[in-house]
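Trainee: Just dropping this structure here.
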2 protein chains.
Amino acid sequence: MNFNLNEAIEVLERTPTTLEFFLSGLSNGWLECNEGEGTWNATEVIEHLIEGEKTNWIPRLEFMLQEGESKPFPPFDRFSHLNDSEKKSIEEKLLEFKTIRMQNIEKLESFIEPELHLELTGSHPEFGVVRVRELIATWVTHDLTHIAQIVRVMAKRYKEDVGPWVEYLGILKK
Amino acid sequence: MNFNLNEAIEVLERTPTTLEFFLSGLSNGWLECNEGEGTWNATEVIEHLIEGEKTNWIPRLEFMLQEGESKPFPPFDRFSHLNDSEKKSIEEKLLEFKTIRMQNIEKLESFIEPELHLELTGSHPEFGVVRVRELIATWVTHDLTHIAQIVRVMAKRYKEDVGPWVEYLGILKK
């Protein structure tokens, strides 16, 4: 096991600023490209990350701490942000993500005492018994997944443009 | 074709700052993990990016502009940074990358007039005829590839730690 709460928080606190530096001010060509029908562009990934902050990670953690394994936590709709018709700029969305993430890290730090709480369990509606530390490790890994997704989507925009170098760029074959 | 020089530069200028925000101050656990023997950790990826700035992108571009297709450009050793025994902190390496990248973007902007130079050709030692715009598109895509690599390597560190959520995290199966 590699999990360590402080190291997990190191990533959680870096993700919004990293994405803010990477995406703010980019042309729409970069922000709006996707991997084909039914796939997400960078802006939609940020909306999904905001939705996770609001309805997934901390709410589930609170639910686990309160209910233990007695009740499964409510399922999380991974596509709900696609119904969100609010038209905000990418910079506004990135700021919203950063703000709510920072609040959630404060909650995480106030709820969780590593020696006491990391091994506590809850009941996932699909997986059954899960642990607090697994939920937090998943939160971190979920951030990393979506950063990788954003850069992959952007890379694929140049799939034809790189000419014969496509051979050396494994990311374009995914 | 999606290539556009200004949009390409948008990514090239963001990569060092993005990685600086993401990696500075991270614990060694994150900076030193890799995907197994013969694979790179985050620090080695930054060394590879620095090496590319020194010996690949701009030198090849200059070579192409000077020689056209008359001479193939020298092959680029993609592993040379692994022989580099300098012990610098990750923050020093990130600063070195940012500094040389910014100088290289200035050179790019001074060498390349989009209307005049993007379709010029050179001779790749393996691929044969390549165009200036393909080299620059590859530079951009190469950045994106290595950002994706860094986050994938870090994500895999938690492969066991996420417990049953591994099912939802495709990045852990790569």
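Trainee: Report the residue count in the stretch B:25-48 for those that are over 24 Å from B:Leu172 (Cα atoms) and touching a helix residue (DSSP H, G or I) at 6+ places or on another chain (Cβ under 6 Å).
Mentor: Final tally of qualifying residues: 1.
Trainee: Mind checking which residues of the stretch A:71-113 are modelled with pLDDT under 95, over 30 Å from A:Ser24 (Cα atoms) and open to solvent by less than 90 Å² (accessible area, probe 1.4 Å)?
Mentor: A:Pro72, A:Phe73, A:Pro74, A:Phe111, listed by residue number.
Trainee: Restricting attention to the stretch A:117-128, does a residue exist that is free of Cβ contacts under 8 Å to residues at least 24 places away in the same chain and more than 7 Å from chain B (Cβ to nearest Cβ)?
Mentor: Checked against the condition, which is being free of Cβ contacts under 8 Å to residues at least 24 places away in the same chain and more than 7 Å from chain B (Cβ to nearest Cβ), the stretch A:117-128 yields at least one hit.
Trainee: Which one of B:Leu26, B:Leu120 is more than 13 Å from the chain's Cα centre (by Cα) and over 24 Å from A:Arg157 (Cβ atoms)?
Mentor: When all the criteria are applied, what remains is B:Leu26.
Trainee: Which of the residues that make up the stretch A:36-67 are part of a loop (DSSP other than H, G, I, E, B) and open to solvent by 50 Å² or more (accessible area, probe 1.4 Å)?
Mentor: So the first thing to find is which residues in the stretch A:36-67 are part of a loop (DSSP other than H, G, I, E, B), and the list is A:36-41, A:56.
Selection gives A:Glu37, A:Gly38.
Trainee: Also, I was wondering about something else. Based on what the data block shows, is B:Val129 among the β-branched types (Val, Ile, Thr) and either assigned to a helix (DSSP H, G or I) or open to solvent by less than 40 Å² (accessible area, probe 1.4 Å) (or both)?
Mentor: It is false that B:Val129 is among the β-branched types (Val, Ile, Thr) and either assigned to a helix (DSSP H, G or I) or open to solvent by less than 40 Å² (accessible area, probe 1.4 Å) (or both).
Rundown of residues vs (1) touching a Phe, Trp or Tyr at 6+ places or on another chain (Cβ under 7 Å); (2) within 30 Å of B:Ile171 (Cβ to Cβ), yes/no style:
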residue	(1), (2)
B:Leu108	no, no
B:Ile112	no, no
B:Leu118	no, no
B:Arg131	no, no
B:Glu134	yes, yes
B:Val140	yes, yes
B:Asp143	no, yes
B:His146	no, yes
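Trainee: Kindly provide the set of residues from the stretch B:155-174 that are part of a loop (DSSP other than H, G, I, E, B) and either basic (Lys, Arg) or open to solvent by 10 Å² or more (accessible area, probe 1.4 Å) (or both), ordered by number.
Mentor: B:Arg157, B:Lys159, B:Glu160, B:Lys174, listed by residue number.
Trainee: Next question, about the same structure. Consider A:Asn6 against the criteria (1) part of a helix (DSSP H, G or I); (2) under 25 Å from A:Leu120 (Cβ atoms); (3) more than 11 Å from every other protein chain (Cβ to nearest Cβ): it satisfies all of them except one. Which criterion is unmet?
Mentor: With respect to (1) part of a helix (DSSP H, G or I); (2) under 25 Å from A:Leu120 (Cβ atoms); (3) more than 11 Å from every other protein chain (Cβ to nearest Cβ), A:Asn6 is out only on (3).
Trainee: Okay, moving on. Which numbered condition trips up A:Arg152, out of (1) of a type outside the set (S, T, N, Q); (2) surrounded by 13 or more Cβ atoms within 10 Å (Cβ to Cβ); (3) closer than 25 Å to B:Val166 by Cβ; (4) more than 8 Å from chain B (Cβ to nearest Cβ)?
Mentor: (4)
Trainee: Exactly one condition in (1) among the basic types (Lys, Arg); (2) crowded, with 16+ Cβ neighbours inside 10 Å; (3) modelled with pLDDT under 95 is not met by B:Arg14; state its number.
Mentor: (3)
The values are calculated or read from the model by the stated rules, or taken from the named source; none is laboratory data. Bear in mind that the values here come from a model prediction, so they are computed numbers and not experimental data. With ideal geometry, Cβ positions are generated from the backbone for all residues, glycine too; neighbour counts draw on all protein chains shown. With ligands, DNA and RNA removed, areas are computed over all heavy atoms of the protein, side chains included. Shrake-Rupley method; radii C 1.70, N 1.55, O 1.52, S 1.80 Å.
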